[in-house]
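K.L.:
Here it is, the structure in full.
The values are calculated or read from the model by the stated rules, or taken from the named source; none is laboratory data. Keep in mind that what you see is a predicted model, and the values were worked out from it rather than measured. Glycine gets a Cβ as well: all are built from the backbone with ideal geometry, and neighbour counts include every protein chain shown.
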Amino acid sequence: MRWRDGRRSDNVEDRRGEAPRFGRTARVGGSRGNGLLGLLLSGRFGKVGLLVGVGLVVASFLGFDFGGILGGVDPARAPSSGRQAQSSAAEDDLAAFVSVVLADTEGTWRAVFQRMGGTYKEPRLVLFRESVRSACGMAGSAMGPFYCPADQKVYIDLSFYQELRDRHGAPGDFAQAYVIAHEVGHHVQTLLGISAKVHEWGARLSKAEINGLSVRQELQADCFAGLWAHSADADRSLLDAGDIDEALRAASAIGDDRLQRESRGTVTPDSFTHGTSEQRVRWFKKGFTEGRLDACDTFSVTNP
């Protein structure tokens, strides 16, 4: 990815120097959660109507989404004492990369919302180590990157990228960019009224329905990531040869079926919350190929 000369976002909070704090910790893909069927937002932005799916909100319908890119991971990481070690040059370079990717997503979604007659409110991105306190509660690094609608921030411990490369076999800078774009996709869902509607529907859903809607929401975020990649390539020529393959490799690596098979040797489809490897790859490719928001309607299809 040709990112070195790119603009850096002003919306990055660097908390890597803070001492880790542990307290109540949220779980990804917990037993309580809710989602919402596709919603026709006719007239929300001028005369534009858009059919969109909406998001998973975890932990007693409190209105936030800990649907991080690695679903179902227990954030039980042992705390360390004292203040965190200072960042290395390599980590600082990675932080700069993340800032450029965030800035580029800002440009893409600003243009999309303007075409709908609306205004895109940019999310903030928080860099942390080991644990972090968000408006959605405490979270540990092991849960992976996540988005919190309550404060409209994306959270990431940059050590996740080493895990993505070494444990999941998904190296490359565009695999890393995909992670950010996916979480920003959840922010876009929030701006479209997702979280409020989740409150309205959640109490009526069964666990199976919750999981199924969660899968659709996560696949939509993958499609939104693909939409951003389309814009980055077609409008700004930021992609190098092989970048899309890196993103697809990452999407495949974190499918529910693959993660379950690797962790316990068996696969339980009814427990999926993020989608299979095939689904995640397919919806990212759809967003990248078509580059349109309405192409990412994962809720109107029978089998996403």
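K.L.:
Going by what's in this entry, would Asp233 be described as of a type in the set (Asp, Glu), buried (at least 19 other Cβ atoms within 10 Å of the Cβ), modelled with pLDDT of 95 or more and within 20 Å of Trp283 (Cα to Cα)?
P.N.:
In short, no.
K.L.:
Tell me whether region 89-101 contains one or more residues that are in contact (Cβ under 8 Å) with a residue 24 or more places away in the chain, out of contact with any helix residue (DSSP H, G or I) (no Cβ under 6 Å at 6 or more places or on another chain), within 17 Å of Trp3 (Cα to Cα) and of a type in the set (D, E, K, R).
P.N.:
Looking for residues that are in contact (Cβ under 8 Å) with a residue 24 or more places away in the chain, out of contact with any helix residue (DSSP H, G or I) (no Cβ under 6 Å at 6 or more places or on another chain), within 17 Å of Trp3 (Cα to Cα) and of a type in the set (D, E, K, R), one finds at least one in region 89-101, hence yes.
K.L.:
Where in region 193-304 are there helices (runs of 4 or more DSSP H), lying fully within it, with 3 or more residues that are in contact with an Asp or Glu (Cβ under 7 Å, 6 or more places away or on another chain) and within 20 Å of Leu164 (Cβ to Cβ)?
P.N.:
277-290
K.L.:
Of the residues Gly291, Gly287, Gly212, which single one is within 24 Å of Thr190 (Cβ to Cβ), of a type outside the set (D, E, K, R) and modelled with pLDDT under 95?
P.N.:
That would be Gly212, the only listed residue that is within 24 Å of Thr190 (Cβ to Cβ), of a type outside the set (D, E, K, R) and modelled with pLDDT under 95.
K.L.:
Mind listing just one residue for me: the one in region 2-25 that is at pLDDT below 85 and part of a loop (DSSP other than H, G, I, E, B) and, of those, surrounded by the most Cβ atoms within 10 Å (Cβ to Cβ)?
P.N.:
Only one residue fits best here, namely Pro20.
K.L.:
Next up: Being outside any loop (DSSP other than H, G, I, E, B) and surrounded by fewer than 24 Cβ atoms within 10 Å (Cβ to Cβ) is the filter here; which residues of region 157-172 pass it?
P.N.:
Phe160, Tyr161, Gln162, Glu163, Arg165, Asp166
K.L.:
Give the number of residues within region 138-170 that are touching a strand residue (DSSP E or B) at 6+ places or on another chain (Cβ under 9 Å) and of a type in the set (A, V, I, L, M, F, W, C).
P.N.:
Looking only at that region, the number is 9.
K.L.:
Right, something else. Can you tell me which residue is surrounded by the fewest Cβ atoms within 10 Å (Cβ to Cβ) among those in region 261-277 that are touching a residue at least 24 places away in the same chain (Cβ under 8 Å) and of a type outside the set (Asp, Glu)?
P.N.:
Only one residue fits best here, namely Ser271.
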